[in-house]
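Written out below as structure tokens is the structure these notes cover.
The values are calculated or read from the model by the stated rules, or taken from the named source; none is laboratory data. Owing to the predicted nature of the structure, the values given are computational and were not obtained by experimental measurement. Methodologically, a virtual Cβ is constructed for each residue, glycine included, from the backbone with ideal geometry; neighbour enumeration extends over all protein chains shown.
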Amino acid sequence: MPAPTIDPKTIFTPEEWAKLRQRNDWIGLGLVAHAWVVIGLAVALFAWAPNPLTWLIAVMVVGARQLGLAILMHEAAHGGLSTNQKLNDFVGHFLCGAPVGASLHRYRPYHLSHHRNTQQSDDPDLGLAAHFPISKKSYQRKLIRDLTGQTFFKQTLRPLWGFLRAPGQASPEARSAALTFLGAQAAIFVIFAAAGQAFAFFAIWMVAQASWYPAVTRLRNIGEHACATPDPSDPWRLARTTYANPLERLLIAPYWVHFHAEHHLWMYIPCYRLEATHSLLKQKGLTEKMEVKQGYRQILELATAKQAL
């Protein structure tokens, strides 16, 4: 059963809707450049003053920007990086998805199915949120697995090792995923090495990808849909918006990903116009219909409210 929708023309004036839908290549492609510049600055900070604190900051910032690259690949899945479809897909796949082991071409049909069927029985992402709330101890175990690389090993390294041991037996999907990951990591290593930061590729880029990136990805998934939908027939509450402070935007929720309710209401609004969409909805008194939380601490309190047995 398709997810319920709301006609934006019943909410916004034609002028408001035209502005919200407007796409700008300079902004879309500029966000990709921004992600890579922030990664470079984080590595440069550690190179300038190598110590445990700058290493930790670099790992957290780079891990969050790796999530940012995944978010921008998601934006490309909706055609939001460029009005030129070929350029949109090239950047979304090679500069956003591949560096974090993802494929835009495999992700797009899966993700659009999630939008068509959000919180319905055939939503492919339903399993990411259906088991919440959980206990605090359960979440702590998941967080430890994320931060210690166990999630990365299970989701990325184990399938990769299986492919390397028997490439001829791998499915086309497994082969494509392995080659995407290996090719992208090799290219990034060459760039790091050319900048004199070969060590940082392993100590920062790979450590971030194996620790902070899966941890904040899990938190992102929780924030978007977990415990957000008491009624799957209510389009206003199919997803959640979470207010994020500047530190949370830096380390947890880059590129307006926390305005997820607005994205699910009208998925072709570019990510850089979601905050303006929220402001307009607030002016019209409509955010009261939505699921809105005050920061990720509140999200975790909601998602870990189950008492341990």
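One residue stands out among those in region 244-295 that are of a type in the set (Phe, Trp, Tyr) and in contact (Cβ under 8 Å) with a residue 40 or more places away in the chain: the one that is farthest from SER82 (Cα to Cα), which is TRP266.
Could you tell me which residue of region 145-175 is surrounded by the fewest Cβ atoms within 10 Å (Cβ to Cβ), considering only residues that are more than 26 Å from PHE46 (Cα to Cα) and hydrophobic (A, V, I, L, M, F, W, C)? So the residue we want is ALA166. Among the conditions (1) within 26 Å of ASP146 (Cβ to Cβ); (2) buried (at least 21 other Cβ atoms within 10 Å of the Cβ); (3) in contact with a Gly (Cβ under 8 Å, 6 or more places away or on another chain), the only one that PRO270 does not satisfy is (1).
Which one is modelled with the highest pLDDT, of the residues in region 151-181 that are among the polar types (S, T, N, Q) and closer than 9 Å to ALA210 by Cβ? Here the residue is THR151.
Listed by first and then second residue, the pairs with beta-carbon distance under 7 Å, at least 6 apart or on different chains, first residue in region 71-90 and among the β-branched types (Val, Ile, Thr), second in a loop (DSSP other than H, G, I, E, B), are ILE71/PRO254; ILE71/TYR255; ILE71/VAL257; THR83/ARG23.
The residues on offer are SER113, SER103, SER82, and the sole one that is hydroxyl-bearing (Ser, Thr, Tyr), over 22 Å from LEU179 (Cα atoms) and touching a helix residue (DSSP H, G or I) at 6+ places or on another chain (Cβ under 6 Å) is SER82.
Where helices (runs of 4 or more DSSP H) fall wholly inside region 254-304, the ranges with 1 or more residues that are more than 19 Å from the chain's Cα centre (by Cα) are 274-283, 296-303.
Set side by side, the residues ALA178, ALA186 differ, and just one is among the small types (Gly, Ala, Ser) and surrounded by 18 or more Cβ atoms within 10 Å (Cβ to Cβ), which is ALA178. The set of residues in region 1-26 being aromatic (Phe, Trp, Tyr) and farther than 13 Å from LEU281 by Cβ consists of TRP26 alone.
Scanning region 43-59 for residues that are out of contact with any Ser or Thr (no Cβ under 9 Å at 6 or more places or on another chain) and within 17 Å of ILE252 (Cα to Cα) yields a count of 3.
The residues of region 17-42 that are farther than 16 Å from LEU250 by Cβ and either touching a Pro at 6+ places or on another chain (Cβ under 6 Å) or not aliphatic (A, V, I, L, M) (or both), listed by number, are TRP17, LYS19, ARG21, GLN22, ARG23, ASN24, ASP25, TRP26, GLY28, GLY30.
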